[in-house]
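To start, the structure under review is shown below, and the notes come after it.
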Amino acid sequence: MKLSSRFLLDSLFVVAGAFLTVASMAWAAGTAGWTAFGVSAGITVIAGTSAVLTARGARKLGHGLVALVALWSLVAALAFSGSLLTWLVFADALAVGVLALADLTAHEATTEKVVHQLVVHDGTTAEQRAAA
């Protein structure tokens with residue numbers, strides 16, 4: 001079984017969002033801000049590259065939105081300070097996580113994914129085996 005790159009990237013974005021959500025509340029605003037800057041820079045580059053290089057519209061949209069939210073988080077980490085920064089990092093991390101989960105759900109719910117799971121490797125479908 002081969003994992004798709006979309007699944008792996010969305011999982012990475014969910015983990016990064018969860019990490020930043022906890023870090024924003026556990027660390028001082030300055031530390032959380034610089035951590036958010038670094039993590040958001042990585043997410044922006046990875047999600048943006050994925051959105052640009054793919055031909056599929058759904059993946060373009062999902063990863064493009066994740067890249068935009070991460071880019072905003074990167075800018076907010078540099079522009080704000082204090083408790084406002086803490087809450088912005090928290091909100092942006094939640095947004096990245098939610099968008100990544102939504103994209104992951106969309107990926108898993110596609111009919112293409114269902115059709116691939118119904119095909120058996122010897123060329124018969126599950127329906128043909130059930131009829132036999």
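The values are calculated or read from the model by the stated rules, or taken from the named source; none is laboratory data. Keep in mind that what you see is a predicted model, and the values were worked out from it rather than measured. For neighbour counting, all protein chains shown are included, and Cβ atoms are generated from backbone atoms with ideal geometry for every residue, glycine included. Only protein heavy atoms, including side chains, enter the accessible area calculation; ligands, DNA and RNA are left aside. Shrake-Rupley method; radii C 1.70, N 1.55, O 1.52, S 1.80 Å.
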Exercise for the section: Go through region 1-52 and give me each residue that's under 19 Å from Val98 (Cα atoms) and either outside any helix (DSSP H, G or I) or among the polar types (S, T, N, Q) (or both). Expected result: Ser5, Ser11, Thr21, Ser24, Ser40, Thr44, Ser50
Handout entry: When residues of region 86-132 are limited to those that are surrounded by 12 or more Cβ atoms within 10 Å (Cβ to Cβ) and of a type in the set (Asp, Glu), the one modelled with the highest pLDDT
Key = Asp92
Problem - Within region 58-85, considering residues that are in a helix (DSSP H, G or I) and among the polar types (S, T, N, Q), the one most open to solvent (accessible area, probe 1.4 Å) - result: Ser83
Practice task
Being of a type in the set (A, V, I, L, M) and loosely packed, with under 13 Cβ neighbours inside 10 Å is the filter; apply it to region 26-47 and report the residue that is farthest from His63 (Cα to Cα).
Solution key: Ala28
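So that you can scan it fast, the table gives a plain yes or no per residue for (1) under 24 Å from Gly64 (Cβ atoms); (2) at pLDDT 95 or above:
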site: Met1; (1), (2): no, no
site: Ser4; (1), (2): yes, no
site: Leu9; (1), (2): yes, no
site: Ala16; (1), (2): yes, yes
site: Phe19; (1), (2): yes, yes
site: Val22; (1), (2): no, yes
site: Phe37; (1), (2): yes, yes
site: Ser40; (1), (2): yes, yes
Exercise for the section: Please work out which residue is least open to solvent (accessible area, probe 1.4 Å), limiting yourself to region 14-25 and to residues that are among the β-branched types (Val, Ile, Thr) and out of contact with any Phe, Trp or Tyr (no Cβ under 8 Å at 6 or more places or on another chain). Expected result: Val14
Exercise for the section: Could you run through region 32-53 and say how many residues are among the β-branched types (Val, Ile, Thr) and in contact with a Lys or Arg (Cβ under 9 Å, 6 or more places away or on another chain)? Expected result: 1
Exercise for the section: Could you tell me whether region 93-110 includes any residue that is more than 19 Å from Ser11 (Cβ to Cβ) and in a helix (DSSP H, G or I)? Expected result: no
Exercise for the section: For Ala55, work out the one condition from (1) assigned to a helix (DSSP H, G or I); (2) under 22 Å from Leu104 (Cα atoms) it doesn't fulfil. Expected result: (1)
